[in-house]
Amino acid sequence: MELHDIAQEIKNAKEQIFLLYAFNATGKTRLSVEYKELARNEQHKQTGVYYNAFSEDLFVWNNDIENAEENISMRIVKSSLNDLHSYIDETKVREKLKPYYVKYDFDFHTNEEHPEDGIEEIIFYLRDDEDKNPIKISRGEERIFIWCFFLAMFDTEGWQDEQNEYIFIDDPVSSLDDHNIFVTIFTLLELIDKYCNKKKIIITTHHIGFATILSDCLFKGKKSDRYKKKSKIQLLERTDDGYALANPKNDVLLYHLRLLQILDDAVIKDELEIYHIALLRQVLENIASFLGTGQLKYVIEQIGITNADRVSTIVNTLTHQKVYYPQMEAMVDDNKQIVREVYHALMSKYKFIIHSNN
């Protein structure tokens with residue numbers, strides 16, 4: 001299937017809440033664009049609202065290098081959304097920011113000659129700075145601010161009323177720490193609670209922790225009776241001929257188990273490719289961290305591989321960026337044997353239950 005077909009399948013699904021997990025660089029953002037185009041009405045107008053990397057790109061820093069960053073500000077690139085800026089103000093965005101406990105404050109600035117163009121720039125400053133000296137906020141703070149700006153926009157009648165069929169949110173938690181990921185989940189649950197009876201809500205993410213917690217809230221949380229019959233969780237995967245939507249096996253949605261499922265499938269079908277070594281390394285690193293060490297070799301020794309030095313060197317070397325990227329997809333037989341040996345030793349030692357169909 002192509003991403004267009006995936007978008008069509010999601011659009012046709014009876015479920016109102018669609019949670020989609022995929023590895024980074026699988027195509028989540030392109031899927032959001034495909035969905036946006038697919039969902040246009042007969043007049044070719046948008047029928048929903050979305051938040052993705054393109055939304056974030058509307059916010060650009062003006063570092064004011066010429067004046068030693070004295071007047072640093074965040075500019076908003078002009079788009080169709082500028083027509084809706086008059087519906088929001090600082091107070092509405094501050095309300096959305098409250099759960100994140102940000103340490104800065106901000107002011108909106110509009111073009112005085114053309115107020116109809118909406119907000120032109122945003123100036124940030126420290127809360128206790130009476131002089132409001134402009135500052136640049138961190139990448140994580142920036143992402144939270146833009147997310148909350150859009151949350152405030154989602155509430156505007158001018159946008160939601162005219163484009164009221166769906167909300168598509170692509171990966172709102174990149175660059176966020178664990179606390180802020182947790183807060184973002186609850187901002188999403190408020191959004192879901194408010195709109196799940198009125199429109200389709202599609203959420204995509206590469207963050208397995210985010211996906212797992214949100215999934216638990218939808219299917220096992222205190223409001224699960226309200227959500228679970230309306231919700232669907234799927235995995236977006238690349239295949240030989242494009243993309244596919246897969247169901248988590250027995251609701252397994254933990255990162256290391258998902259990696260083991262992929263490795264199990266490749267080992268059983270003898271379809272190992274060079275990227276499977278990178279997946280194996282991630283599993284070994286997860287286990288090493290759990291055991292209190294950062295050393296792959298320690299885990300390789302623990303699972304009974306006799307030549308741990310050689311195997312850990314090969315895994316390290318083949319996943320080193322300078323070696324990894326120029327490689328062809330095919331894996332040589334000797335390395336396939338190493339992956340099989342380490343995989344089977346891991347499964348024998350730790351008895352992971354991965355709910356594989358193999």
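The values are calculated or read from the model by the stated rules, or taken from the named source; none is laboratory data. Everything quoted here is computed from the prediction, not taken from an experiment. Note that each Cβ is placed from the backbone with ideal geometry, even for glycine, and that neighbours are counted across all protein chains shown. We work out accessible area using only protein heavy atoms, side chains counted, and drop any ligands, DNA or RNA first. Shrake-Rupley method; radii C 1.70, N 1.55, O 1.52, S 1.80 Å.
For segment 123-137, putting each phi into the Karplus relation 6.51 cos²θ - 1.76 cosθ + 1.60 with θ = phi - 60° gives couplings of 10, 9, 7, 5, 4, 8, 9, 5, 7, 6, 5, x, 10, 9, 8 Hz, in residue order, rounded to whole numbers and with x for Gly and Pro. Across all directions, the average flat footprint of the convex hull enclosing the Cα atoms of segment 267-320 is 3.9 nm².
Of the two radii for segment 1-146, the radius of gyration is 1.04 times the Kirkwood radius, both from the alpha carbons; that is the Rg over Rh value. What's the whole-number percent of alpha carbon pairs in the chain lying beyond 28 angstrom? The calculated P(r) of the chain puts 53 percent of pairs beyond 28 Å.
Under conditions of 10 °C and 1.306 mPa s, segment 80-219 yields 97 µm² s⁻¹ as its translational diffusion coefficient, taking Rh as the Kirkwood radius over Cα pairs in the Stokes-Einstein equation. Scanning the chain for long hydrophobic helices, with DSSP H runs required to stretch 24 angstrom or more by C-alpha along their axis and to average at least 0.5 on the Kyte-Doolittle scale, returns 178-195.
Sorting the segments 119-131, 172-184, 198-210 by their mean number of nearby beta carbons within 10 angstrom, highest to lowest, gives 198-210, 172-184, 119-131.
3J(HN,Hα) along segment 15-22, derived from phi through the Karplus expression 6.51 cos²θ - 1.76 cosθ + 1.60 where θ = phi - 60°, amounts to 5, 8, 10, 10, 9, 10, 9, 7 Hz, with x in place of Gly and Pro.
Computed over the chain, relative contact order equals 19 percent, with contacts defined as Cα pairs under 8 Å that lie 6+ residues apart. Restricting the calculation to Cα atoms, segment 167-304 shows an Rg/Rh of 1.02 when the hydrodynamic-style radius is the Kirkwood one. One Cα centroid belongs to segment 90-123, the other to segment 153-170; the line between them spans 19 Å.
Near the amide H of residue 51, within less than 5 Å, lie the amide hydrogens of 168, 169, 170, all on another chain or at least 5 residues away, with H placed in the peptide plane.
At a probe radius of 1.4 angstrom, the accessible area of the chain per residue rounds to 52 square angstrom. Per-residue Karplus couplings for segment 162-174, computed as 6.51 cos²θ - 1.76 cosθ + 1.60 with θ equal to phi - 60°, are listed in order as 7, 10, 10, 8, 7, 10, 10, 10, 9, 6, x, 10, 4 Hz, Gly and Pro entered as x. Within the accessible area of the chain, the carbon and sulfur atoms contribute 47%, probe 1.4 Å, all protein chains present. Summarising the amide proton neighbourhood of residue 110: residues at separation of 5 or more, or on other chains, whose placed amide H is nearer than 5 Å comprise 120. Take the Cα of residue 177, go 7 Å toward its beta carbon, and the backbone nitrogen atoms of segment 86-120 under 15 Å from that spot belong to 100-104.
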